[in-house]
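> Here's a structure for you.
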Amino acid sequence: GASGAPFAAAALVAVLAIGGVAWLQGFLLPWIAVAERAVANARARDVAALYAANLAGCAVGAQVVAGTLVGSHGRLVAACASGALALFSALLAAWLLARGSSARSAPDREPRAESDAAGRPHGLSFPRAALVVGLATGWVAANEWIGLRLSALWLGGMEPALRAALVAILLALAAGAFVLPRLLPRGARGVLWALLLAGLGAPWFVDFGRALAPLGVPSSATDGLLAALVLVGPPLVALGALVPLVHRSLATPTPAALGRLLLHEAWGALLAIPLAHFVLVPLGGLALAAAFGLVLGAAAVLACGRAAPRLALAALVV
């Protein structure tokens, strides 16, 4: 910016700078699942807790590092803090791996999807699972965009409102990823239940003002975060559970399969966010973006509906 370079060149450099770091960070969650499996010396575990911890850590980073540290001490101190967190994580991982490697005694066993009484698998094939994850992530992205826009309008102060909304979005997704896989059935039925619950939460954006009114205008960062949680939480909680639920519904829910599912998360976000920002909101406002999210959710239901047609029909009606 200070060099006077053309906007397109400056934007490209910014995207490459962010993308270089994000590309490396994209490896982390599947590799942590690999490491956990090696240390635990057992079959691959349910990744719900790992996925939830990943989202919760993002929320803490957005609030503490990108928010508090930048506001109090500037971007250089915050960047150094980020680097220190990365270094600490690497040292902690090395210590845990060294500690756990001595406990290995038996070969790993591949997990298998559960079957019904007749021995037929009731999980998802990988192409269907990838389609569900991509479509559902597009729905998440559309809801996130709506939540960010509404937060900027309702919470006051663009930067604090957007940070509060971002942290609230991450916390809502983390809560869903941690809690719902423990409550919902395995296989495609659990995925359909999560989509049904997400459909029930979708109308929240229409009438959230009744819940926000008692909170008043946020006077502190804590109040702003609470108000943002009330605003964005209900439509997003169930969607946070979809990647863990889809992963465990696969015939072989391995760490490698998790990495491949995260790739399909990316195209869902790449489809929905530019479409919502550049096309849907200018054409029809946030209502059109919300409708687009519901269409993606319905398509995700259809993609996994063969395993439980009645539940799929209920989800489509919702």
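> Any idea which residue in region 121-172 is nearest to residue 227 (Cα to Cα), counting only those that are open to solvent by 30 Å² or more (accessible area, probe 1.4 Å) and not in a helix (DSSP H, G or I)?
156
> Within region 97-116, is there a residue that is closer than 27 Å to residue 25 by Cβ, open to solvent by less than 60 Å² (accessible area, probe 1.4 Å), at pLDDT below 90 and touching a Ser or Thr at 6+ places or on another chain (Cβ under 9 Å)?
yes
> Moving on. Just for region 173-214: of the residues that are out of contact with any Phe, Trp or Tyr (no Cβ under 6 Å at 6 or more places or on another chain) and not in a helix (DSSP H, G or I), which one is nearest to residue 301 (Cα to Cα)?
187
> Determine which member of the set 291, 315, 299 is more than 18 Å from residue 46 (Cα to Cα), at pLDDT 90 or above and crowded, with 22+ Cβ neighbours inside 10 Å.
Residue meeting the stated conditions: 315.
> Sort out which residues of region 242-278 are small (Gly, Ala, Ser), out of contact with any strand residue (DSSP E or B) (no Cβ under 8 Å at 6 or more places or on another chain) and farther than 21 Å from residue 25 by Cα, and write them in order of number.
Within region 242-278, 272, 276 meet the criteria.
> Here is a further query. Going residue by residue through region 240-247, is there one that turns out to be of a type outside the set (A, V, I, L, M) and either surrounded by fewer than 24 Cβ atoms within 10 Å (Cβ to Cβ) or at positive phi (or both)?
No, region 240-247 contains no residue that is of a type outside the set (A, V, I, L, M) and either surrounded by fewer than 24 Cβ atoms within 10 Å (Cβ to Cβ) or at positive phi (or both).
> Oh, and also: Can you name the residue in region 222-241 that is modelled with pLDDT of 95 or more and among the hydrophobic types (A, V, I, L, M, F, W, C) and is also nearest to residue 31 (Cα to Cα) among such residues?
Filtering first and then ranking leaves 241.
> Quick one: residue 244 ticks every box in (1) in contact with an Asp or Glu (Cβ under 7 Å, 6 or more places away or on another chain); (2) over 21 Å from residue 143 (Cβ atoms) except a single one, so which number is it?
(2)
> Continuing with the same structure: Filter region 234-256 for residues that are out of contact with any Leu (no Cβ under 8 Å at 6 or more places or on another chain) and closer than 17 Å to residue 164 by Cα and give the result.
234, 235
> In region 178-237, what residues are surrounded by fewer than 20 Cβ atoms within 10 Å (Cβ to Cβ), more than 23 Å from the chain's Cα centre (by Cα) and not hydrophobic (A, V, I, L, M, F, W, C)?
Result: 207, 209, 210, 214, 216, 219, 220, 223.
> Assigned to a helix (DSSP H, G or I) and touching a helix residue (DSSP H, G or I) at 6+ places or on another chain (Cβ under 6 Å): is that true of residue 245 in this structure?
yes
> I want to confirm something. Restricting to region 267-299 and keeping residues that are of a type in the set (A, V, I, L, M) and without any contact (Cβ under 8 Å) to a residue 12 or more places away in the chain, which single residue is farthest from residue 48 (Cα to Cα)?
Result: 283.
The values are calculated or read from the model by the stated rules, or taken from the named source; none is laboratory data. In this text the structure is predicted, and so the values were computed from the model without any measurement. No Cβ is skipped: glycine too gets one built from the backbone with ideal geometry, and neighbour counts run over all protein chains shown. Accessible surface is based on the protein model in full, side chains and every heavy atom, while ligands, DNA and RNA are left aside. Shrake-Rupley method; radii C 1.70, N 1.55, O 1.52, S 1.80 Å.
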